[in-house]
1. Looking only at the range A:123-136, count how many residues are touching a residue at least 60 places away in the same chain (Cβ under 8 Å) and under 19 Å from A:Gly291 (Cβ atoms).
2. Quick one: is A:Phe335 more than 26 Å from A:Tyr93 (Cβ to Cβ), part of a loop (DSSP other than H, G, I, E, B) and out of contact with any strand residue (DSSP E or B) (no Cβ under 7 Å at 6 or more places or on another chain)?
3. Starting from the range A:103-122, keep only residues that are closer than 18 Å to A:Met146 by Cβ, then list their pairs with residues that are in a loop (DSSP other than H, G, I, E, B) whose Cβ atoms are within a distance under 6 Å, requiring at least 6 positions of separation or different chains.
4. Can you confirm whether the range A:384-391 contains a residue that is surrounded by 11 or more Cβ atoms within 10 Å (Cβ to Cβ), of a type in the set (Val, Ile, Thr) and outside any helix (DSSP H, G or I)?
5. How many residues are surrounded by 13 or more Cβ atoms within 10 Å (Cβ to Cβ) and either part of a helix (DSSP H, G or I) or at pLDDT 85 or above (or both) when one looks only at the range A:361-377?
6. Anything in the range A:33-42 that is more than 17 Å from A:Gly450 (Cα to Cα) and either free of Cβ contacts under 8 Å to residues at least 24 places away in the same chain or in a helix (DSSP H, G or I) (or both)? List them, or say none.
7. Can you find a residue that is in contact with a Leu (Cβ under 9 Å, 6 or more places away or on another chain) and within 20 Å of A:Ile436 (Cα to Cα) anywhere in the range A:600-613?
8. Have a look at A:Gln331, A:Gln270 and point out the one that is at negative phi and more than 14 Å from chain B (Cβ to nearest Cβ).
Amino acid sequence: MTDQTMTLAEKNHSWTRAKTGWAIFAAACLLAIGNSVLPAGLVRPPEWLVLPFADWINAIFAFLRDDLGLLYLTRAFADGVEWLLDVTANLLYGKNRWPRIGPIPWTVIASIGFVIGYALQGWRLSLLTGGTFVWIAVMGQWKWAMETLSVIVVAAPFSILFGLVMGICAWRSKTFERILNPILNIAQSLPHFAYMIPVVVFIGVGPKAGAIVTIIFSVPPMIRMSLLGLRKVPHEVIESGHMCGSTRWQLLRHVRIPTARTEILVGVNQVIMQCLAMVVLASFIGMPGLGQKLLQLLQALKIGRSVEIGITIVLLAVMLDRCTKAWATKQPEHFEKGTSFAVRNKFLLLGAGLSLACLVLAQFIPLMDQIGRRDAFTISKPIDAVADWFIVLIDPITQWLRWFLITWVLIPIRDAFLWMPYAAVLALLAAAGWAIGGLRSALVCLAFFGLIAMSGWWDRAMITVYTVVVAVSIAAVIGFPLGIWGSFHEKRAALALLICDTLQTFPSFIYLIPVVMLFGVNDVAVIGAVVLFAAVPLVRYTIEGLRQVPETLIEAADMSGATRSQTLWKVRLPMALPTIMVGVNQSVMFSLFMVIIAAFIGTQDLGQEMQRALSSTDVGKGLVLGLAVAFMGLMVDHLVTTWAKTKKEALGLE
Amino acid sequence: MTAATPVISCKNVWKLFGANPEQYLKSLTGNPGFDEIRQAGYIAAVRDVSLEIAKGEMLVIMGLSGSGKSTFVRCLSRLIDITGGEVRVEGQNIGDMSEKELIDLRRNKMGMVFQSFGLLPHRTVLDNVAFPLEMRGQDRHERRARALEVIELVGLSGREDYFPRELSGGQQQRVGIARSLAIEPDIWFLDEPFSALDPLIRREMQDEFLRLQEMLGKTIVFITHDFDEALRLADRIAIMKDGVVEQCATPDQIVLNPATEYVAKFTEEIEKSRVVHAGVLAREVNGHSLTGTPIGEKQTISELARLLVNDSRDFLPVANTAGSLIGAMSRQEALDVLLGEAS
């Protein structure tokens, strides 16, 4: 068969695909129009269709917990973790446990921070790392921050080790990878709360539960990155290892893992960021620390104090991110011959010297040891004043916006989503699936949403869908133009990417502070938080996609006499579209997560039910709700990746 | 093993890529072509290759990309398992070796240099070169001493503590060469070692390589896609196309008598007089009267050009390096090589 007939056949194929898609779409429209005359079984899932998944899951968990005695195993593991947590808690904030030598004076930790930052990248990072600790101490948040950090210090190494081992197993065994992959996919799209409920059942509440949920939550990216890194080791490097007579173990230990260093360290970075995000949220299951304080302050609407805590969390996030990234990209450098021990180990010596000095000084100057609440600074009063002034200033606007959005946008759209018969929604998704990826994709869409229908949470799920649809649409209206504008100049693009990257490191919780401040506790605030959170990846990938268009193509367009807008619409955007769609995909994922988190400021969707499941420790219900959210994400992910893949192939990008 | 046993011998070596290559190979009858095999869904990287490499010989395998030359050299070291035939190294069938025996063989007998160097990015020059010694468990001081020795041999003294990315391409390949020599291998595989380098550096590295080989006298399999490089370095050249060796002979013979049209395409543009040696043109004396000083067998025709044009003898005596007469060279034949056949 010649190439030409191939493409022709392909064209024919996709034509029929699109036609089938439209046909199903028409059917969906018919179903929607005929809403009032449809039999009840097509409007809402009939009772016989709703399966008691929750009861089944509960039965399984009860079996695991009581009959198999898994509870003892988990409790034993939890006790081990608790012992470690006690050690770090004693060292970092002086909890009265073995080894009873803490707390380490804050100046010692801050000076180590300065040195590590300097060793990794130079004085800028040094100021960031050291400065963060100084800020925490001076603002009197030392204990809370250390409660948070003590969990990360224990959880992150567990996740890293576990993830690396799993990654190696998946790399060794194709079968293992095939089993692991779907589990990872679901795990990475389950909302945070879905993880907490089983942990509460098996472990209870408090720091150790927080640590364990953090470990579980942060493992998947480590597995992914280890696998990616091991796959990416150049063929010739491995062959050279073979020819040097390495055994399999030597090859893994000396050749593969060190060569995959960068990817593995990127995995470490992701683990730590996930840990921070989860630790903050774990306040919902009684994890003390910054997250719990923030939650209390937000619920009490103490804006100034919550901004202070927010800044601390943001600083910690940015610091941890920058440090681990610097570590990942740091390349080894040699010392000239005859360099003395002192020069070769200057950072180690400097760190040790500074710590020792601070330790000694702290014995004489109490303020260098600890800063109590009474001596701490606070900027909450001025922040409150500014916030009050600002809120009063823009109150007419926010009031109007709130009224407009609620009456004219949110409620009508929500009602429309709830009015749609479920059969019409399923047909609509099948149509989209068929148009994009043929029968297979249509079935995937049907399966995911069919299961949601069968879970019995259809109305709640539709409210989640409506929130996400509205939020992502608004985010797109803001994000795309911003991204296009940002991509026009190199410097502007670099700055915008830096801002987006930084915003992406913030734990999702942080985004609630400004919206609660502006809109109070209601639907608009939820949408606002989700829009903020979802716009970031859109801007980021729009810029990235547009910047990645090959220079020669743009030059060719210029030489063809294209104007700037012609180049944008005819060359740059079509080429960038697959990358932009990755942004859309991420944006949807982020909004799903955010919608669920935002539940505690008042929504009526799956998130609210999940909070209820959490407080009544109903594992079955919690997991069913979590999976419903995961399925939404996975369906969108499937559609977008399928679409992007065909598009990329068509553009010859892959 | 006697002195006559070749160091490496391959008999009917096949390498097919595809779903079930062993079974497919068994079902083959006759000698199907490359395209025929592709129709069946298999890629034939090496087809029925039989070769022998003698001790101390430098065999250059020349072919364009996709000719199967890199796959073939990996069959010789069993980096790739072959589909059919057998490869013997010093008389031992390497296909039958256990993993442990194979590792032992590589730790003591084989060295390999790679096109994109294959250096470990996290190790210094010294640690890269010492890596094969570390693998076989030599102690730190011995390792260091030996590594420094080879580093000096390839002219990288003073760079021991550099990391690979701090070196230029040529220097990185010197590290690769040093590493492959660290265990004092008898057999040296070089897979397009200079292809990733600039032309000037490549030339310099070739000279360096010839100097090393003169000193070490290893058995060498050298892969290249550059015909000039092959002519410059080889004792024998094997020209590969679509997995088959089209011709395997000395450079002189290839230039003088290309076996196939494909080989002829390479030799067309080559100045033969720079390749052909007097010794190759020497015939039996057969009663010709030979007078005057003999010429050396290792001299190329282009080196003898002035003599050939000015001399009046019809036949010139040719002597080997020891000085004894080995035959007579027809001046006319030599002039034909120099100037092209008279049309």
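1. 3
2. Numbers: more than 26 Å from A:Tyr93 (Cβ to Cβ): yes; part of a loop (DSSP other than H, G, I, E, B): yes; out of contact with any strand residue (DSSP E or B) (no Cβ under 7 Å at 6 or more places or on another chain): yes.
Criteria met by A:Phe335.
3. If the second residue must be in a loop (DSSP other than H, G, I, E, B), the pairs left are A:Pro103/A:Gly94.
4. Restricting attention to the range A:384-391, the residues satisfying the condition of being surrounded by 11 or more Cβ atoms within 10 Å (Cβ to Cβ) are A:384-388, A:390-391.
Now drop any that are not of a type in the set (Val, Ile, Thr), which leaves A:386, A:391.
So of that shortlist, the ones also outside any helix (DSSP H, G or I) come out as none.
Checked the range A:384-391: no residue is surrounded by 11 or more Cβ atoms within 10 Å (Cβ to Cβ), of a type in the set (Val, Ile, Thr) and outside any helix (DSSP H, G or I).
5. Just the residues of the range A:361-377 that are surrounded by 13 or more Cβ atoms within 10 Å (Cβ to Cβ), to begin with: A:361-362, A:367-371, A:376.
Next, from what is left, pick out any that are either part of a helix (DSSP H, G or I) or at pLDDT 85 or above (or both): A:361-362, A:367-369.
Summing the residues that are surrounded by 13 or more Cβ atoms within 10 Å (Cβ to Cβ) and either part of a helix (DSSP H, G or I) or at pLDDT 85 or above (or both) in the range A:361-377 gives 5.
6. Step one: list which residues in the range A:33-42 are more than 17 Å from A:Gly450 (Cα to Cα), which gives A:33-39.
Hits for the range A:33-42 are A:Ile33, A:Gly34, A:Asn35, A:Ser36, A:Val37, A:Pro39.
7. Looking only at the range A:600-613, we keep the residues that are in contact with a Leu (Cβ under 9 Å, 6 or more places away or on another chain), and these are A:600-601, A:606-607, A:609-610, A:613.
If we keep only those that are within 20 Å of A:Ile436 (Cα to Cα) as well, we get none.
No, every residue in the range A:600-613 fails to be in contact with a Leu (Cβ under 9 Å, 6 or more places away or on another chain) and within 20 Å of A:Ile436 (Cα to Cα).
8. Values: A:Gln331 fails: more than 14 Å from chain B (Cβ to nearest Cβ).
Criteria check complete, one pass: A:Gln270.
The values are calculated or read from the model by the stated rules, or taken from the named source; none is laboratory data. As the structure is a computational prediction, the values presented were derived from the model and not from experiment. Note that we place each Cβ from the backbone using ideal geometry, even for glycine, and neighbour counts take in every protein chain shown.
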